[in-house]
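Engineer: Following this message is one structure expressed as structure tokens.
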Amino acid sequence: MRNFLRVISGEKPAKDVSEVSLFGPGIGECIVIHLGADKWFVIDSCRCPSTKKPIAIKYLEELGVEVSTQVEGILITHWHKDHIDGAFDLVNECNSAQIYFSAALLKKEAIRLSKLYKKDPFASTDTEIREFGQIIEYLRSREEYSRANPVQASHTICQKTTPLKIRLLALSPSPQAVTQSTANLFELIPNVGDSRNRHVIGQSENLNAVVMYFEFGPFSAIFGSDLEETGNPNTGWSAIINSGMQETLSLEPAELFKVPHHGSANGHNDYVWSLLLDNKPLAITTPFYRGRGLPTEQDIERIRGLASEFWVSRKSRAPKSSKRDRMVEREMDSVARGRSVIKNKIGHIQVRADREGSLKIRGNEQAVKYTA
Ligand SMILES: [Zn+2]
């Protein structure tokens, strides 16, 4: 049974009710998960546009959750700015949580690279790499480095069998993706005397992204992060399909899908929809505002045809008219930017599943729902 509502619940879910809350963009994306029994898990981070607090902290405190004891884990799926903004504050406040990183990020290449960006004179650039460096430095200085855990495909983060079967495990990155990313990171380390690059973290980091599978009794979900198709059978979504993990890990087809890479076509793989997901699952994603914006009209068409409902946490930017004069366009852009600062409220989709598997889906006023 599915039930769609327009108002987010401000009540804490019962101990035997799971929750998946998707926020974004703030800039970026964050998923807050109730693992049952007042234990919580956070995937990625973005900030509340008005208070600048990590949105996960703001939301959990509003629910009455004690973040320092009840957040069991934080996963940074990859270190793009739209997934790591505010993660240092999150780690700082959720001080009993285990911290999970995509495996390549805990290799010495990534750590070395992050140290070079510690005192960056260009404050507005490379925040992702400095945010990451800050977390590593903080854990080291407090001798809590053992809280940092590398994650790759088939790594189980949590598993319980009573009173309900509850699992949280990783479907990516593949071992090949970790090797390839580590080699890429090594290439980025500047030689002595080289001028340092800004915006050093390239698009290729999506190769590293951690996809998660969550099971809570009869309910299951896949969180696709920004994982893309790469054209290589041993990396990206193909690696998940080719690994046979759905059999070896006895994965039930998921009912909820956080569509990867903000709905972009480069994150699409037909087999994911036919093998890993229910027929017509509930699809959710966050938009991405840089460039032409994601999801595009075509992305929305594609996904609404595959899903029972497709929810986007906020509207993606309307496509620009190609005929419009550039000057006018630029002016309209700046007006729109000014407006969006005023109306800047983060989108929120809240999905709750009880132990019988019945779902309640809620969205705040920013969330947009597309039906088939
Ligand atoms: Zn992203």
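Engineer: Return a yes/no flag: does region 67-74 have any residue that is in contact (Cβ under 8 Å) with a residue 40 or more places away in the chain and within 29 Å of LYS360 (Cβ to Cβ).
Structural biologist: Scanning region 67-74, I find at least one residue that is in contact (Cβ under 8 Å) with a residue 40 or more places away in the chain and within 29 Å of LYS360 (Cβ to Cβ), so the answer is yes.
Engineer: Within region 182-210, take every residue that is crowded, with 24+ Cβ neighbours inside 10 Å and either of a type in the set (Val, Ile, Thr) or modelled with pLDDT of 90 or more (or both) and give me the one that is farthest from the ligand (Cβ to nearest atom).
Structural biologist: VAL210
Engineer: Can you name the number of the only condition in (1) surrounded by fewer than 20 Cβ atoms within 10 Å (Cβ to Cβ); (2) at pLDDT below 95; (3) over 27 Å from HIS34 (Cα atoms) that PRO175 fails?
Structural biologist: Unmet for PRO175, out of (1) surrounded by fewer than 20 Cβ atoms within 10 Å (Cβ to Cβ); (2) at pLDDT below 95; (3) over 27 Å from HIS34 (Cα atoms): (2).
Engineer: Going through region 67-107 one residue at a time, which ones are within 14 Å of the ligand (Cβ to nearest atom), in contact with a Phe, Trp or Tyr (Cβ under 7 Å, 6 or more places away or on another chain) and in a helix (DSSP H, G or I)?
Structural biologist: Once the filter is applied, which keeps residues that are within 14 Å of the ligand (Cβ to nearest atom), in contact with a Phe, Trp or Tyr (Cβ under 7 Å, 6 or more places away or on another chain) and in a helix (DSSP H, G or I), region 67-107 yields ASP82, ILE84.
Engineer: Restricting the search to region 39-79, which residues are aromatic (Phe, Trp, Tyr) and at pLDDT below 95? Outline the logic, then answer.
Structural biologist: Residues of region 39-79 aromatic (Phe, Trp, Tyr): 40-41, 59, 79.
Within region 39-79, TRP79 is the sole residue that qualifies.
Engineer: Quick one: PHE132 ticks every box in (1) within 16 Å of the ligand (Cβ to nearest atom); (2) among the hydrophobic types (A, V, I, L, M, F, W, C); (3) assigned to a loop (DSSP other than H, G, I, E, B) bar one, so which box is it?
Structural biologist: (3)
Engineer: Considering only residues that are under 21 Å from the mean Cα position of the chain (by Cα) and among the hydroxyl-bearing types (Ser, Thr, Tyr), which ones fall in region 6-19?
Structural biologist: SER18
Engineer: In region 30-62, how many residues are touching a Phe, Trp or Tyr at 6+ places or on another chain (Cβ under 7 Å), under 16 Å from THR286 (Cα atoms) and of a type outside the set (A, V, I, L, M)?
Structural biologist: 2
Engineer: Restricting the search to region 277-294, which residues are within 15 Å of the ligand (Cβ to nearest atom) and either at pLDDT 95 or above or closer than 27 Å to SER358 by Cβ (or both)?
Structural biologist: Selection gives ILE284, THR285, THR286.
Engineer: Can you name the number of the only condition in (1) touching a Ser or Thr at 6+ places or on another chain (Cβ under 9 Å); (2) surrounded by fewer than 22 Cβ atoms within 10 Å (Cβ to Cβ); (3) hydroxyl-bearing (Ser, Thr, Tyr) that THR127 fails?
Structural biologist: With (1) touching a Ser or Thr at 6+ places or on another chain (Cβ under 9 Å); (2) surrounded by fewer than 22 Cβ atoms within 10 Å (Cβ to Cβ); (3) hydroxyl-bearing (Ser, Thr, Tyr) applied to THR127, the lone miss is (1).
Engineer: I've got another one for you. Any residue that is under 21 Å from ASN206 (Cα atoms), crowded, with 16+ Cβ neighbours inside 10 Å and within 16 Å of the ligand (Cβ to nearest atom) - is there at least one of those in region 236-250? Break it down into steps so the answer makes sense when it comes.
Structural biologist: Of all residues in region 236-250, those under 21 Å from ASN206 (Cα atoms) come to 236-243, 245.
Those still in the list that are crowded, with 16+ Cβ neighbours inside 10 Å too: 236-241, 243, 245.
Retained after the next criterion (residues that are within 16 Å of the ligand (Cβ to nearest atom)): 236-237.
Checking region 236-250: at least one residue is under 21 Å from ASN206 (Cα atoms), crowded, with 16+ Cβ neighbours inside 10 Å and within 16 Å of the ligand (Cβ to nearest atom).
Engineer: Further question: Name the single residue that is farthest from the chain's Cα centre (by Cα) among those in region 20-41 being among the aliphatic types (A, V, I, L, M) and within 16 Å of the ligand (Cβ to nearest atom). Let's see the steps before the verdict.
Structural biologist: At the first step, the residues of region 20-41 found to be among the aliphatic types (A, V, I, L, M) are 20, 22, 27, 31-33, 35, 37.
Still in the list and also within 16 Å of the ligand (Cβ to nearest atom): 22, 27, 31.
Details: LEU22: 9, ILE27: 12, ILE31: 6 Å.
Checked region 20-41; the qualifying residue farthest from the chain's Cα centre (by Cα) is ILE27.
Engineer: If you check SER340, SER274, which single one turns out to be more than 16 Å from the ligand (Cβ to nearest atom), modelled with pLDDT under 95 and either in a loop (DSSP other than H, G, I, E, B) or under 23 Å from the mean Cα position of the chain (by Cα) (or both)?
Structural biologist: None of the other options fit; the residue is SER340.
Engineer: Filter region 256-284 for residues that are free of Cβ contacts under 8 Å to residues at least 60 places away in the same chain and β-branched (Val, Ile, Thr); which is surrounded by the most Cβ atoms within 10 Å (Cβ to Cβ)?
Structural biologist: VAL259
Engineer: Right, another one. Residues being outside any loop (DSSP other than H, G, I, E, B), more than 20 Å from GLU131 (Cβ to Cβ) and small (Gly, Ala, Ser): count how many of those fall in region 38-66.
Structural biologist: Qualifying residue count, region 38-66: 0.
The values are calculated or read from the model by the stated rules, or taken from the named source; none is laboratory data. Quick caveat, the model's predicted, so the values are computed rather than measured. Cβ atoms come from the backbone with ideal geometry, glycine included; neighbour counts cover every protein chain shown.
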